[in-house]
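Report on the following structure.
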Amino acid sequence: MKSICAVKGVSAWGIKEGKFGLALIRASGTAAGVFTSNKVRAAPVEVMMDRMRRGTLDAVVVNSGCANAYTGERGYRDALEMCSIAAAPLGLDPAAVGVASTGVIGRYLDLPLIRDQCERVAPLLARSGDAEAAAARAIMTTDTFPKHALVEAESFAVGGITKGSGMIAPNMGTMLAFIYTDAEVEAPVLQDILREAARRSFNRVVVDGDTSTNDVALCTATGAAGRVDREELARAIETVCRSLAVQIARDGEGATKLLEVTVRGAADEDEAAAVARTIVASPLVKTAIYGEDPNWGRVVAAAGRAGAEFDPYAVSLWVGGVPLVIRGEIVADLAKAKIAMHGDTVAFDLDLAAGEGKATAWGCDLTERYVEINGKYTT
C-alpha cells in the first residue's frame, strides 16, 4: 500500500527484531505536532514538545519495544542521545531530528541496540513501497497489521503511517503517527490544520479508554509541490488522519469488529463527539458488539451520561440501517438487529433531535483476547 514515500522529498526504512524495532524517516520541511494529554509524558514527548517550537524537522527516528516513559532525567537524556545517534549517519543536526518511542513503560532504552539498528537502517533509506512498509512494520507493537494512508490530489500528496491497537483514548492526536505532504505551508498554518484534523479523527478513537504516555502525531511539509489551497490541504490531511484512525480502531487489541457510532442532532459538533466517544468507550456496548447481542439500551444509556443536553424520549437509533427507536418509540425487531451486527463492522446512528451537531467516533468490540494480551504484556 502506498503512503509516505509517495510524497516528494520523503524516504524511509525500518527494521524489526523481535519486540524491538527502529524506523528512520527523512524529510526536510516545516513541521507540526500534537501530543498526549497524559500528565505522565514519555521523555520523547517532552523533547518534541520543546523541539517543535522551531517549526521544522529534517528526519524522525522511532523505536518500538521500549516507551522510554517514566524514566526521569536519564530518559530525557537518552531521548536526546537517540536523536544524535540518528543524525550522525544522515549528516544532520541532532536538533533537527524528531524522536518517538513506543513499548513498555518504566524501562530504559537500549542505546547500543538503537545505535546498531540506526547504522544498519540509515544506508537503506529509499523512496519505495518496500521502504514505507519496512518503516510501518518497525514501529508496530501489538498491532496485527501495518497502517498506511495516502491522498493524491491534483498538485500535491499527503501520506501517513501510524501504529496503535491498545492504550487508545488519545485526547490529543494519536498513538504514534507520522504524516507527510509535499505542499508548501507555513508551520503555524500546518499546526492549525493538524490540530483540527486530529480533533476529528484520532481524538475520536477509543479502544480501551487508556490514554498513552507516548502519543504523538508529527506532520512535515517538504514544500516540493509548491503552494496549494489551504482548505484542500486541510481536507487531505484530515482524510489521511481519519483513515489511519479507523485502521487503529479496527486493529484494537483482540478485536473482531470495528464499531462506528455516528451521532447527529446534537447541540453542536463537540457535544455530538462527546456522545459518540462515550458510546464507543462503553465496556457494556463493546461486549454486546462482540456477542452480536442487540442490547441497544446500552447505547442509549451511554449517551445519557456523556454530558450532552437532549430529551431521551425524542431520540432515534439505528444499527446497520435497522431502526431500533424512532422519536422515543421502541420499534426494534431484535432478530433483524442481530443480523445487522454480523460481519466485521457494526454501525450505530443516533439522532438526539436537539440541534445540528454531528460527529462520528470509532472503537471496537471487547473480547477475551484483550485480557490475554494485556494480562501478560511484559512477561
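The values are calculated or read from the model by the stated rules, or taken from the named source; none is laboratory data. If you're wondering where the values come from, they're calculated on a predicted model, not measured in any experiment. All Cβ positions, even for glycine, are placed from backbone atoms using ideal geometry, and neighbour counts span all protein chains on display. Keep in mind that these areas ignore ligands, DNA and RNA; they rest on the heavy atoms of the full protein, side chains included. Shrake-Rupley method; radii C 1.70, N 1.55, O 1.52, S 1.80 Å.
Is it fair to say GLY291 is surrounded by fewer than 19 Cβ atoms within 10 Å (Cβ to Cβ) and of a type in the set (Gly, Ala, Ser)?
yes
For TYR76, all conditions in the list (1) open to solvent by less than 40 Å² (accessible area, probe 1.4 Å); (2) over 22 Å from THR222 (Cα atoms); (3) among the aromatic types (Phe, Trp, Tyr) hold save one; what is the number of the exception?
Only one criterion is unmet by TYR76, namely (1).
Could you tell me which residue of the stretch 79-91 is nearest to LEU125 (Cα to Cα), considering only residues that are among the aliphatic types (A, V, I, L, M) and either outside any helix (DSSP H, G or I) or open to solvent by less than 40 Å² (accessible area, probe 1.4 Å) (or both)?
LEU90
Filter the stretch 92-112 down to the residues that are open to solvent by 70 Å² or more (accessible area, probe 1.4 Å) and not basic (Lys, Arg), then identify the one that is nearest to ARG54 (Cα to Cα).
Checking each candidate, the answer is ASP93.
So, in the stretch 118-145, exactly how many residues are under 21 Å from ILE373 (Cα atoms), modelled with pLDDT of 95 or more and open to solvent by 10 Å² or more (accessible area, probe 1.4 Å)?
The number of residues fulfilling the criteria is 1.
Evaluate the following for GLY355: is it open to solvent by 10 Å² or more (accessible area, probe 1.4 Å), touching a strand residue (DSSP E or B) at 6+ places or on another chain (Cβ under 9 Å) and closer than 23 Å to GLU238 by Cβ? Before the answer, list the steps.
Values: open to solvent by 10 Å² or more (accessible area, probe 1.4 Å): yes; touching a strand residue (DSSP E or B) at 6+ places or on another chain (Cβ under 9 Å): yes; closer than 23 Å to GLU238 by Cβ: yes.
For GLY355, the condition - open to solvent by 10 Å² or more (accessible area, probe 1.4 Å), touching a strand residue (DSSP E or B) at 6+ places or on another chain (Cβ under 9 Å) and closer than 23 Å to GLU238 by Cβ - is met.
May I ask you to list pairs of residues, at least six apart or on different chains, whose Cβ atoms are under 9 Å apart, with the first in the stretch 111-129 being farther than 27 Å from THR71 by Cα and the second being modelled with pLDDT under 95?
Sorted first by the residue in the stretch 111-129, then by its partner, the pairs are GLY129/MET1; GLY129/LYS2.
Do the conditions hold for ALA301, that is, is it at pLDDT 95 or above, open to solvent by 40 Å² or more (accessible area, probe 1.4 Å) and part of a strand (DSSP E or B)?
So ALA301 fails the test.
Inside the stretch 212-265, can you point out the residues that are of a type in the set (Val, Ile, Thr), over 30 Å from ASP351 (Cα atoms) and either modelled with pLDDT of 95 or more or surrounded by fewer than 22 Cβ atoms within 10 Å (Cβ to Cβ) (or both)?
THR220, THR222, VAL228
Could you please let me know if GLU329 is surrounded by fewer than 17 Cβ atoms within 10 Å (Cβ to Cβ) and within 21 Å of ALA274 (Cβ to Cβ)? So that I can check it myself, show each step before the final result.
Working: surrounded by fewer than 17 Cβ atoms within 10 Å (Cβ to Cβ): yes; within 21 Å of ALA274 (Cβ to Cβ): no.
It is false that GLU329 is surrounded by fewer than 17 Cβ atoms within 10 Å (Cβ to Cβ) and within 21 Å of ALA274 (Cβ to Cβ).
Identify all residues within the stretch 146-156 that are within 20 Å of VAL246 (Cβ to Cβ) and either of a type in the set (S, T, N, Q) or open to solvent by less than 40 Å² (accessible area, probe 1.4 Å) (or both); write none if there are none. Spell out how you get there, then give the answer.
The initial filter retains those residues of the stretch 146-156 that are within 20 Å of VAL246 (Cβ to Cβ), namely 146-152.
Those that are within 20 Å of VAL246 (Cβ to Cβ) and either of a type in the set (S, T, N, Q) or open to solvent by less than 40 Å² (accessible area, probe 1.4 Å) (or both): LYS147, HIS148, ALA149, VAL151.
Identify the single condition in (1) modelled with pLDDT of 85 or more; (2) touching a Gly at 6+ places or on another chain (Cβ under 7 Å) that SER201 does not satisfy, given that it satisfies every other one.
The single condition SER201 does not satisfy is (2).
For the stretch 9-54, enumerate the residues that are outside any strand (DSSP E or B), in contact (Cβ under 8 Å) with a residue 60 or more places away in the chain and open to solvent by 60 Å² or more (accessible area, probe 1.4 Å).
LYS19, SER37, VAL40, ARG41
Taking only the stretch 282-298 into account, find how many residues are of a type outside the set (Phe, Trp, Tyr) and in a helix (DSSP H, G or I). Explain how you work it out, then say what you get.
Going residue by residue through the stretch 282-298, those that are of a type outside the set (Phe, Trp, Tyr) are 282-289, 291-295, 297-298.
If we keep only those that are in a helix (DSSP H, G or I) as well, we get 283-289, 297-298.
The total comes to 9.
Just wondering, is there one or more residues in the stretch 359-375 that are open to solvent by 50 Å² or more (accessible area, probe 1.4 Å), out of contact with any Ser or Thr (no Cβ under 8 Å at 6 or more places or on another chain) and outside any helix (DSSP H, G or I)?
No, every residue in the stretch 359-375 fails to be open to solvent by 50 Å² or more (accessible area, probe 1.4 Å), out of contact with any Ser or Thr (no Cβ under 8 Å at 6 or more places or on another chain) and outside any helix (DSSP H, G or I).
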